[in-house]
Amino acid sequence: MSTPTGPASGLPVRMPRPRQSGRHRRPEPVVAPEGAAALVLAVPGTPSSATRSLAEEVISIARSELPGLNARIGYLDGDDAEYPTLATVLAHNAAERVARFEQAVAAGREVAEPTGPSAVVVPLLAGPDSALIRRIRQAVMDSGTQAELTDVLGPHPLLAEALHVRLSEAGLARADRARLFTVATAADGIVLATVGGEEAVQAAGITGMLLAARLAVPVMAAALDVEGSVASIAQQLQGSGSAQLALAPYLVGPEVDSGLLDAAAKEAGCATAEPLGAYPAIGKLVLSLYATTLGITPATPQGTQGAQAH
């Protein structure tokens with residue numbers, strides 16, 4: 001039982017660790033600069049409670065890497081009721097920024113007038129999708145704000161790691177090649193499924209090469225939104241000797257209807273892993289794009305715990 005001055009007698013007291021001195025001292029954690037532009041996550045696809053939960057988890061990961069981060073979620077197909085649209089979120093954020101400045105001036109505080117972008121918009125997309133990017137860019141313009149749009153998340157080695165983990169979770173790949181246990185259902189050929197046409201396939205192919213190096217099996221990218229693409233790639237893999245294929249979605253999740261993935265897996269006759277979802281790497285890459293745009297330096301994204309190639 002606690003008292004107004006601390007824990008009751010006999011209970012352990014958690015004391016702060018003394019700061020180390022010298023060159024082995026731990027660096028002070030980076031925090032978001034006061035008044036920095038907001039990070040606005042642009043979420044594609046039909047909004048749902050599952051989509052919101054995923055987006056909130058991504059934001060939570062980013063905030064854990066950069067305490068004090070002002071982060072918000074805008075839905076490309078929102079309804080401005082339960083799921084606010086990207087343009088609305090950007091407009092409200094810009095208005096709040098001005099209001100905070102005016103309140104500080106009225107209170108007699110010496111504050112600098114806000115400059116630079118009011119927000120940095122990061123698309124929740126693993127790879128390029130020109131149609132979705134055009135819509136996101138249009139939403140930024142419609143907001144009438146000074147917001148900057150970043151690139152998509154990939155290609156990146158962390159996405160290859162995330163794909164490896166999702167495949168291993170589904171029993172379709174070894175979690176760690178250094179451990180010589182067998183996985184009866186492990187695939188010997190991977191169809192890397194993306195959306196966004198040929199440009200997206202080419203970008204996914206870069207991450208696919210990194211995944212192939214991790215798994216030591218062939219990986220080829222295909223477009224879910226191009227008729228016959230998945231089946232064609234599956235046939236190529238089978239023709240080169242792969243007997244047991246797996247479909248690895250190079251997708252965060254909201255940008256594609258789940259039925260499209262199911263149909264593609266059935267067409268190719270193979271098992272499928274889950275989309276990338278809120279894997280820790282996604283939140284770290286979102287933050288990295290935001291920080292690079294503003295010129296701030298949180299921790300550089302590194303490999304997270306999970307499958308490791310050796």
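The values are calculated or read from the model by the stated rules, or taken from the named source; none is laboratory data. Bear in mind the structure is a predicted one, so any value in this text is a computation, not a measurement. Heads up, the Cβs are rebuilt from the backbone with ideal geometry, glycines too, and the neighbour counts pull from every protein chain shown. Quick note on the areas: whole protein, heavy atoms, side chains included, nothing else; ligands and nucleic acids left out. Shrake-Rupley method; radii C 1.70, N 1.55, O 1.52, S 1.80 Å.
Okay, residues lined up against (1) in contact with a helix residue (DSSP H, G or I) (Cβ under 8 Å, 6 or more places away or on another chain); (2) assigned to a helix (DSSP H, G or I); (3) surrounded by 14 or more Cβ atoms within 10 Å (Cβ to Cβ); (4) of a type in the set (Ser, Thr, Tyr):
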| residue | (1), (2), (3), (4) |
| --- | --- |
| ASP77 | no, no, yes, no |
| TYR83 | yes, no, yes, yes |
| ALA91 | yes, yes, yes, no |
| ALA95 | no, yes, no, no |
| ALA99 | no, yes, no, no |
| GLU102 | no, yes, no, no |
| VAL120 | yes, no, yes, no |
| ALA126 | yes, no, yes, no |
| GLN138 | no, yes, no, no |
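Conditions (1) out of contact with any Pro (no Cβ under 8 Å at 6 or more places or on another chain); (2) open to solvent by less than 70 Å² (accessible area, probe 1.4 Å); (3) of a type in the set (Val, Ile, Thr), marked per residue:
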{"position": "ALA175", "(1), (2), (3)": "yes, yes, no"}
{"position": "GLY189", "(1), (2), (3)": "no, yes, no"}
{"position": "VAL195", "(1), (2), (3)": "yes, yes, yes"}
{"position": "GLU198", "(1), (2), (3)": "yes, no, no"}
{"position": "LEU215", "(1), (2), (3)": "yes, yes, no"}
{"position": "ALA222", "(1), (2), (3)": "yes, yes, no"}
{"position": "GLN244", "(1), (2), (3)": "yes, no, no"}
{"position": "SER258", "(1), (2), (3)": "yes, no, no"}
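Looking at ASP151 and the list (1) modelled with pLDDT of 90 or more; (2) of a type outside the set (A, V, I, L, M, F, W, C); (3) open to solvent by 50 Å² or more (accessible area, probe 1.4 Å); (4) farther than 30 Å from LEU210 by Cα, which single condition is not satisfied?
Among (1) modelled with pLDDT of 90 or more; (2) of a type outside the set (A, V, I, L, M, F, W, C); (3) open to solvent by 50 Å² or more (accessible area, probe 1.4 Å); (4) farther than 30 Å from LEU210 by Cα, the lone unmet condition for ASP151 is (4).
Which of the residues that make up the range 51-67 are over 20 Å from LEU294 (Cα atoms) and of a type in the set (A, V, I, L, M, F, W, C)?
Of the residues in the range 51-67, the ones over 20 Å from LEU294 (Cα atoms) are 51-57.
LEU54, ALA55, listed by residue number.
Determine the pairs where a residue that is within 24 Å of ASP142 (Cα to Cα), located within the range 87-111, has a partner that is assigned to a helix (DSSP H, G or I) and of a type outside the set (Val, Ile, Thr) with Cβ atoms under 7 Å apart, the partner being 6 or more residues away or on another chain.
Going by the 7 Å Cβ cut-off, the qualifying pairs are ALA87/ALA139; ALA87/ASP142; ALA87/SER143; LEU90/SER143; ALA91/SER143.
Tell me which of these LEU69 doesn't satisfy, since it passes every other one: (1) out of contact with any strand residue (DSSP E or B) (no Cβ under 8 Å at 6 or more places or on another chain); (2) under 17 Å from ALA36 (Cβ atoms); (3) at pLDDT 85 or above.
It fails just one condition, (1).
Give the residues of the range 36-70 that are assigned to a loop (DSSP other than H, G, I, E, B) and either crowded, with 16+ Cβ neighbours inside 10 Å or aliphatic (A, V, I, L, M) (or both), sorted by residue number.
So the first thing to find is which residues in the range 36-70 are assigned to a loop (DSSP other than H, G, I, E, B), and the list is 36-37, 44-48, 66-70.
Residues satisfying the conditions are ALA36, ALA37, PRO44, GLY45, PRO47, LEU66, LEU69, ASN70.
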